[in-house]
Amino acid sequence: MSDSVQVYRRLLGYTRPYWRTAAVALLAMAAAAALEPLVPTLLQHLVDKGLIGKDPQAGWRLPLLLALTFAAKGLVDYVANVASQAVAQHAMSDLRQEVFRHQTGLPLAEHQSRSHGRMLSSILNDIPLLSQALSSAWIIVIRDTLIIIGLTVKLFLLAWHLTLLILLVAPVVAILIRVASRKLRVSNEAMRTLAGQLAGQLEAGLSGVKELKIFGARDYESGRFNQLSEDLRRASMRAVRVQSANVPLVQVLAALAVSGVIFVVMTLSARNLLTPGEFFGFVTAMSLLFEPIRRLTNINGTIQSGLASARGLFDLLDQPLEPEGQGTPLPATTPLQPIVFDHVTFSYPGQERPALQDFCLTLPPGQTVALVGSSGSGKTTVAQLLARFYSPQQGAIQYGPHDIAALELRSWREQLAWVGQQVVLFDDTVAANMAYGRPDLPREKILEAARAAHAWEFIERLPQQLDAPCGHNGVNLSGGQRQRIAIARAFLKDAPVLILDEATSALDNESERQVQEALGTLAAHRTTLVIAHRLSTIESADWIVAMDQGRVVEQGRHAELLARGGLYARLHQSQAQGGDSPN
């Protein structure tokens, strides 16, 4: 229970900036609770003074006051609902933004350890559940608790000894709610996990629809999705059964207590120990207790569901971010420096064999160094470490006199531009994708970069040119066109260090020629690290490094390496004969 209190208290912390609106909601709830006992009081006087006492003034005043009471109650209920929803929606918007920003700031290893479906579900599923726990649940818990207190006070004033009979069932109700809360918490945790897995399965099935169709895997994927869907249904039904049993049990207990009280009240009334108005007011107050008790019992499921979602979100928010602002910042005017991999060893999480082992390499400033080797030789790992997506377990990477691990991450990545094999384009315009992250760039610079990247030749044929939509992940463009937009993006960043990760491996010959020309222009006057797939594209590189099992096997210029007849020559001959290409 203490854990739940801590989680809910942390959740309520998001409402603090909106305390004025929350105060209005609380005052409105208190007013609604204060008006509730007026109803049995007015009915009591209506019976005693109007019906029995025949007071002519009471005949019109009391019905008018009763109508005004219900009107006032409706007004304050409206204010309470709107104000509390405003607080909840503001808080959820803040939390949604914080979760997204936190997710994008997590280290790459954390992203790879969590499924994208689970991370998507955090924003799409968990936060709406939290919104219910902060809005409707908050209203019901506070308002109905105050109403119950107000009605109980009214009952005590009418007949305190009878009210004690009703309160005898309170401990039993508390035990039932506690048991139900524990079972609901377990069920909601399971539902949350399954919802994340279902979102991941949905994302994988839809993003891989081409493979699904080509390999005839529709039935297989449908079976996996159906199984998860059924597991989620069963977990949901467990929660429904617990919640559905909890509410009537509480109501039956309350009804038994009320039935006993009514029997005693009728006996007292028959003996003239209670006036008819007091009898009517007491029974009315008891009946009014039913609805808030039912709502409080019923809202338990919503609260437990929200708390399960909150625990998952806070677990995510407690994961440490990349240390973007820590370290020594690089001055913006820093001249090109040599990049040195000094005896670097690195293993991916969960992998026994190191991806790089005692790896040494120097990238001279302003030169192009190409990495070649078979799949798994460690080429991409070199680029990942240079970008500080991961950190080596041993050794260091130097940028001139600086260990890059000691540099401010943000300023270090300002020195880097990346063009990869898998180009990521966002559902925005061509211009916005080229100027990604810098929406204030002048149109002239974007146009200049498009021409330098050989992209303008296809952009000018688009109906809206630079304002043409790329579609989700660039679906409106060909592979070569997406690559050239990525190159234009690198042109606009104008970083001194360029990483080309198999940037032409998936292109046809004509697209590759155009992209290669653009890359040649982009690499001028920059330190360039090329991860090569087609060896014909790096023959003019200043330096070529052949890798195998995370080590440098040989290095030199194209002609020198061919003459040696080593690994590079064998890879080159294999490609020339149409054999397997290195990856």
Using a 1.4 Å probe and counting only protein heavy atoms, arrange Asp548, Asp501 so the residue with the most accessible area comes first. Asp548, Asp501
At 0.36 nm per residue, minus the direct Cα-Cα distance, what do Ala23 and Ala524 gain on full extension? Give it in nm, one decimal, please. 174.1 nm
Each label sits 7 Å from Cα toward the beta-carbon; between Thr345 and Ser574 the label points are separated, in nm, by 2.7 nm
Residues of the range 400-431 with backbone nitrogen within less than 19 Å of a virtual label 7 Å along the Cα-to-Cβ line of Arg443, please, listed as ranges. 428-431
How much length is gained if the chain between Ser93 and Ser229 is pulled fully straight, taking 0.36 nm per residue apart and subtracting their Cα-Cα distance, in nm to one decimal? 46.1 nm
Cα-projected label distance for Glu539 with Arg294, points at 7 Å along beta-carbon direction, nm: 8.4 nm
Residues whose placed amide H lies under 5 Å from that of Asp501, excluding near-sequence neighbours: Val419, Gly420, Gln421, Ile531
Please list 564-570, 305-311, 328-334, 485-491 highest first by mean number of surrounding beta-carbon atoms within 10 Å per residue. 485-491, 305-311, 564-570, 328-334
Which whole-Hz ³J(HN,Hα) couplings does the range 472-478 yield from phi under the Karplus relation 6.51 cos²θ - 1.76 cosθ + 1.60, θ = phi - 60°, glycine and proline marked x? 4, 6, x, 5, 7, 10, 7
In nm, to one decimal, how far is the Leu124 label point from the Cys360 one, both placed 7 Å along Cα→Cβ? 5.1 nm
Segment Asn476-Ala109, length gained on full extension (0.36 nm per residue, minus Cα span): 129.0 nm
The long-range amide H neighbours of Gln319, using H built 1.01 Å from N in the peptide plane and a cut-off of under 5 Å, are none
From the backbone phi of the range 560-575, what are the Karplus-calculated ³J(HN,Hα) couplings (6.51 cos²θ - 1.76 cosθ + 1.60, θ = phi - 60°) in whole Hz, Gly and Pro given as x? 4, 5, 5, 5, 6, x, x, 4, 4, 4, 5, 4, 5, 5, 4, 5
Ranked by how many other beta carbons lie within 10 Å on average, peptides 412-421, 352-361 from highest: 412-421, 352-361
Once phi is turned into θ = phi - 60°, what whole-Hz ³J(HN,Hα) does the Karplus curve with 6.51, -1.76 and 1.60 give for every residue of the range 426-443, x standing for Gly and Pro? 9, 6, 8, 6, 4, 4, 5, 6, 6, 8, 4, x, 9, x, 8, 5, x, 4
Under 12 Å from a point placed 7 Å out from the Cα of Glu324 along the Cα-to-Cβ direction: which residues of the range 396-437 have their backbone N that close? 409-411, 413-414
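The values are calculated or read from the model by the stated rules, or taken from the named source; none is laboratory data. What you see is a predicted model, and the numbers here were worked out from it, not measured in a lab. Note: ideal-geometry Cβ built from the backbone for every residue, glycine included; neighbour counts use all protein chains shown. What goes into the accessible areas is simple: the full protein's heavy atoms, side chains included, and nothing from ligands, DNA or RNA. Shrake-Rupley method; radii C 1.70, N 1.55, O 1.52, S 1.80 Å.
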